[in-house]
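Everything below concerns the one structure shown next.
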Amino acid sequence: MSGHTTTHSAGRLPVPSTTEAASLYQRLRGHLALLKLHDAAEALPTVLDQAAAEDLSMTAALDRLLSIEVDATEARRLAGRLRFACLPTPASLEDFDYDAAAGVDRKLIDELATCRYLETATNVLLIGPPGVGKTHLSVGLARAAAHAGYRTYFTTAADLAARCHRAAIEGRWATTMRFYAGPTLLVIDELGYLPLPGEAASALFQVVSQRYMKTSIVITTNRGVGSWGEVLGDSTVAAAMLDRLLHRSVVLNLDGDSYRRRDHHARSEKLRQATNGTRQPLQ
Ligand code: ADP
Ligand code: MG
């Protein structure tokens, strides 16, 4: 092959010979591989064929090629966020049955599903007896957050307490606290199901404190906030923790009894004011 050009029309690159085309193609693949754009590299022959067959413009062809890489990158990142999140079930907000949960305010869940609450570091408290869908909703919120691009982590109160306990023994307290401060959304499931060991209250308090006004917590519990002192074995710490949790919060009562929900609001507000009367009312 001569490698000489065959056309010289203005504004167009010379049409390369087959050898040139082949080596250009190899160079392009090499560039994509070096830049770690592996999905684009793999899709290159297909996209080039499509570009020729559909007479795509250069812009359209590049857009098609890079869209493949962008989609693959986003899918990988989402998979990574979901792996990190440690969600215990496949539950999602979409498969939550509102007819089976009469007390749940659908509009509120729809609003939470937008993840806007994460931008204001608003906390969500899900309160109700076992089996009413608290874990389901908290997993759904965590999944929605991961899909929206937020770093999310799901744990139970008992696991958090155990991990902090081990960290204290092994001299990793600060690292562990940084870990719990990291995710934009931290879900703490099942507060109150198991009696927590003595130092768990201070671990939980520190986790809540360091996230206060910065990042959101979704917390589920079978105990009304009035009995958190009992749950944590320390009413002062419980009150201080609730003060921070409830300052900017959405409280969902899943027992379906609106009277009790109002009653709960009144009680939590009273408790909050008792600890710090200067804050704004519950939102
Ligand atoms: P809780 O955490 O309040 O004890 P779960 O969220 O674990 O309850 O719910 C128990 C089971 O019932 C789960 O499998 C959950 O997916 C399902 N479930 C509960 N409420 C609903 C609902 N409203 N719609 C769909 N599934 C539900
Ligand atoms: Mg549960």
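The values are calculated or read from the model by the stated rules, or taken from the named source; none is laboratory data. Computed from a prediction, not measured in an experiment: that's the story for all the values here. Every residue, glycine as well, gets a Cβ built from its backbone with ideal geometry; the counts of neighbours run over all protein chains shown. These accessible areas exclude ligands, DNA and RNA; they are computed on the full protein's heavy atoms, side chains included. Shrake-Rupley method; radii C 1.70, N 1.55, O 1.52, S 1.80 Å.
Can you sort S67, S249 by 1.4 Å-probe accessible area, starting with the largest?
On the way: S67 45, S249 0 Å².
Descending accessible area places them as S67, S249.
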Computed lengthening from R166 to R106, 0.36 nm per intervening residue step minus Cα-Cα distance = 17.6 nm
Sort C86, C115 by accessible area with a 1.4 Å probe, largest first.
-> C86, C115
For D234, tell me the accessible area in Å² from a 1.4 Å probe, rounded to the nearest 10.
-> 60
Taking amide hydrogens as modeled 1.01 Å from N in the peptide plane, which residues meet the under 5 Å criterion relative to S216, leaving out close sequence neighbours?
-> L186
Whole-number accessible area per residue in Å² for region 12-83, which is evaluated in the context of all protein chains at 1.4 Å = 72
Name the residues of region 74-109 whose amide N is less than 16 Å from a point 7 angstrom out from the Cα of F179 along the C-beta direction?
-> 83-87
If you add up the charges near A51, with Lys and Arg at +1 and Asp and Glu at -1, over every other residue whose beta carbon is less than 12 angstrom from its beta carbon, what do you get?
-> -3
Leaving ligands, DNA and RNA out of it, rank V250, V225 by accessible area with a 1.4 Å probe, largest first.
-> V250, V225
Distance in Å, no decimals, from the C-alpha centre of region 95-171 to the one of region 46-84 is 33
